[in-house]
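Q: Let me begin by handing over the structure; questions about it come next.
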Amino acid sequence: MQMQPKRLQQDVKTRWNSTYLMIQSLLEQKRVLGAYIADSDLPSTLTVNQWALLEKTSIVLAPFEELTRKVSSATASTADVIPAVTVLKRILAKEGDADTGIKTMKKTLLEAVNRRFDSVEDEPLYALATLLDPRYKDRYFTSAQSAMSAKDALTGELEDLRSSTAGASEAAEPQEKAPRVEAAAAAPSKSSFMQEFDQIAEECEDPSAASS
């Protein structure tokens, strides 16, 4: 069939995203597998409905794989945690006609994410880092109370800093300005994960967008 030979992936309990990678490898080789099945007497094969469920499952798991790569990159920071979790929750909470057959899975995944990251917005390290990052600010807090607490904590930190530096010499040499980090060029097409980031930012700029 003039296709590049490729080994199918296995699902491994101790390997992150291995279920997603296994499903992806099956979907990529669907045509080849179909031809092999037609020429072989196999005891069981995947039905049309099962192939459709695999495709839907792949779409649901894709943001987890993208999130893993995002927080594992060399440029990842503490500020990325709260926004990434917020986006993941919104994606899983969305319902549509295409969710037939995977609603229970999405609900279970959402419950697991909520349970594991229940208090992440109340952790000072993550909250302050997110608030100080110009990309995020207070846009990605799901709780107004958590955002307000983060702002109060930041105000307290600034007051402590001002008090501790009040006696510093005015003749101190100015520090060299840190070089500006240029944003990476936007990709031609964005994934559902990155599209949700943009959607949240737009809703903060224009509240009417949240109901559209």
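Q: Test Phe193 against the stated conditions and say whether it is assigned to a helix (DSSP H, G or I), of a type outside the set (Lys, Arg) and at pLDDT below 75.
A: It is false that Phe193 is assigned to a helix (DSSP H, G or I), of a type outside the set (Lys, Arg) and at pLDDT below 75.
Q: Another question, if that's okay. Residue under question is Leu61, and the condition is that it be within 30 Å of Gln2 (Cα to Cα), of a type in the set (A, V, I, L, M, F, W, C), in contact with a helix residue (DSSP H, G or I) (Cβ under 9 Å, 6 or more places away or on another chain) and loosely packed, with under 13 Cβ neighbours inside 10 Å; does it hold?
A: Judged against the criteria, Leu61 is not a match.
Q: Taking segment 15-63 as the region of interest, how many residues are closer than 16 Å to Asp99 by Cα and not basic (Lys, Arg)? So that I can check it myself, show each step before the final result.
A: Step one: of segment 15-63, the residues closer than 16 Å to Asp99 by Cα are 49-63.
Cutting the leftovers down to not basic (Lys, Arg) gives us 49-55, 57-63.
Number satisfying all stated conditions: 14.
Q: Which members of segment 31-51 meet the condition of being part of a loop (DSSP other than H, G, I, E, B) and open to solvent by less than 100 Å² (accessible area, probe 1.4 Å)?
A: Ser40, Leu42, Ser44, Thr45, Leu46, Thr47
Q: Also, quick follow-up: So, of the residues in segment 104-134 that are more than 17 Å from Ser149 (Cβ to Cβ) and among the polar types (S, T, N, Q), which turns out to be surrounded by the most Cβ atoms within 10 Å (Cβ to Cβ)?
A: Checked segment 104-134; the qualifying residue surrounded by the most Cβ atoms within 10 Å (Cβ to Cβ) is Asn114.
Q: Restricting the first residue to segment 32-57 and requiring it to be closer than 19 Å to Leu21 by Cα, which pairs with a second residue that is at pLDDT below 90 and outside any helix (DSSP H, G or I) meet a Cβ separation below 7 Å and a spacing of at least six or different chains?
A: Note: pairs meeting the criteria are Val32/Met1; Val32/Met3.
Q: Here's a follow-up. When segment 139-149 is examined, which residues are found to be surrounded by 15 or more Cβ atoms within 10 Å (Cβ to Cβ) and over 15 Å from Val85 (Cβ atoms)?
A: Listed by number, the list holds a single entry, Ser149.
Q: Which is charged (D, E, K, R) and not in a helix (DSSP H, G or I), of Lys151, Lys137, Lys106, Lys89?
A: So the residue among Lys151, Lys137, Lys106, Lys89 that is charged (D, E, K, R) and not in a helix (DSSP H, G or I) is Lys137.
Q: Being open to solvent by less than 70 Å² (accessible area, probe 1.4 Å) and assigned to a loop (DSSP other than H, G, I, E, B) is the requirement here; does Gly101 meet it?
A: Yes; evaluated as a whole, the condition is true for this residue.
Q: Regarding segment 64-75, can at least one residue be identified that is among the aliphatic types (A, V, I, L, M), modelled with pLDDT of 90 or more, assigned to a loop (DSSP other than H, G, I, E, B) and open to solvent by 90 Å² or more (accessible area, probe 1.4 Å)?
A: There is at least one residue in segment 64-75 that is among the aliphatic types (A, V, I, L, M), modelled with pLDDT of 90 or more, assigned to a loop (DSSP other than H, G, I, E, B) and open to solvent by 90 Å² or more (accessible area, probe 1.4 Å).
Q: If you check Thr19, Thr14, which single one turns out to be within 28 Å of the chain's Cα centre (by Cα), without any contact (Cβ under 8 Å) to a residue 60 or more places away in the chain and exposed (fewer than 13 other Cβ atoms within 10 Å of the Cβ)?
A: Thr14
The values are calculated or read from the model by the stated rules, or taken from the named source; none is laboratory data. Since the structure is predicted, the reported quantities are computational estimates derived from the model, not experimental observations. Ideal geometry is used to build each Cβ from the backbone, glycine not excepted, and the neighbour counts take in all protein chains shown. Quick note on the areas: whole protein, heavy atoms, side chains included, nothing else; ligands and nucleic acids left out. Shrake-Rupley method; radii C 1.70, N 1.55, O 1.52, S 1.80 Å.
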